[in-house]
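Student: Here it is: the structure, laid out below.
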Amino acid sequence: MRIILDTNVIISALIFGGKPRSILERVICGEVDLIFSEPIMEELTGVLQRPKFGLPLGVIQTIIAELTSVGILVKPKISIKKIRQDPADNRILECAAEGHIEYVVSGDSHLLELKQYKAIPIVTPSQFLVLLEKRS
């Protein structure tokens, strides 16, 4: 199963744990394929550098290296301008369109309000875990 984890889900997995961490652990174990793009990793790097997280640059670089080693990089060729309130969210949709994704997993209200992009469902971490259990 190919998924995208929005930046907020990755941050939650790394910092707070819970259901987002459970999903990330499934990615690391190879149960789920994590698809990402360079703009998504750049956004993640920028967010992790914020003072509120207090992470040293070396730790951030290790996190990015680990994620890229377990994920699949796609290079979107299209530009999407679907979400006007937060244009950065469009990078998730671009990656989804290019990466043949089955689910976008997000906690972002702008993405979740769409419910889906094309035929790709946009779900919360809780919803994704339920869907994953049903497939098992």
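The values are calculated or read from the model by the stated rules, or taken from the named source; none is laboratory data. Predicted model only: the values in this text are computed from it and were never measured. Cβ atoms come from the backbone with ideal geometry, glycine included; neighbour counts cover every protein chain shown. With ligands, DNA and RNA removed, areas are computed over all heavy atoms of the protein, side chains included. Shrake-Rupley method; radii C 1.70, N 1.55, O 1.52, S 1.80 Å.
Student: Is segment 110-125 home to any residue that is farther than 17 Å from I35 by Cβ and touching a residue at least 60 places away in the same chain (Cβ under 8 Å)? Spell out how you get there, then give the answer.
Tutor: We begin by selecting, within segment 110-125, every residue farther than 17 Å from I35 by Cβ; these are 110, 112-115, 124.
Imposing the further condition that a residue be touching a residue at least 60 places away in the same chain (Cβ under 8 Å) reduces the set to none.
No; the residues of segment 110-125 include none that is farther than 17 Å from I35 by Cβ and touching a residue at least 60 places away in the same chain (Cβ under 8 Å).
Student: Find the residue count for segment 1-23, including only residues that are within 19 Å of V74 (Cβ to Cβ), open to solvent by 60 Å² or more (accessible area, probe 1.4 Å) and part of a helix (DSSP H, G or I).
Tutor: Qualifying residue count for the region: 0.
For every residue, the table says whether it meets (1) in contact (Cβ under 8 Å) with a residue 24 or more places away in the chain; (2) small (G, A, S).
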site: I60; (1), (2): no, no
site: G71; (1), (2): yes, yes
site: D86; (1), (2): yes, no
site: R91; (1), (2): yes, no
site: I101; (1), (2): yes, no
site: V104; (1), (2): yes, no
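Student: Still on this structure: What do you reckon, is R26 among the charged types (D, E, K, R) and outside any loop (DSSP other than H, G, I, E, B)? I'd like the intermediate steps shown before the answer.
Tutor: Working: among the charged types (D, E, K, R): yes; outside any loop (DSSP other than H, G, I, E, B): yes.
Judged against the criteria, R26 is a match.
Student: Also: Are any residues in segment 84-115 of a type outside the set (D, E), open to solvent by 30 Å² or more (accessible area, probe 1.4 Å) and assigned to a helix (DSSP H, G or I), and if so, which ones?
Tutor: P87, A88, R91, A97, S109, H110, L112, L114
Student: Among the residues of segment 23-51, which ones are farther than 18 Å from E102 by Cα and among the hydroxyl-bearing types (S, T, Y)?
Tutor: T45
Listed here are the residues, each with its yes/no results for (1) open to solvent by 30 Å² or more (accessible area, probe 1.4 Å); (2) farther than 28 Å from V130 by Cα; (3) outside any strand (DSSP E or B).
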site: M41; (1), (2), (3): no, no, yes
site: L44; (1), (2), (3): no, no, yes
site: R50; (1), (2), (3): yes, yes, yes
site: G54; (1), (2), (3): yes, yes, yes
site: S69; (1), (2), (3): yes, no, yes
site: K75; (1), (2), (3): yes, yes, yes
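Student: Quick one: count up the residues across segment 118-129 that are open to solvent by less than 50 Å² (accessible area, probe 1.4 Å) and modelled with pLDDT under 95.
Tutor: Matching residues across segment 118-129 total 0.
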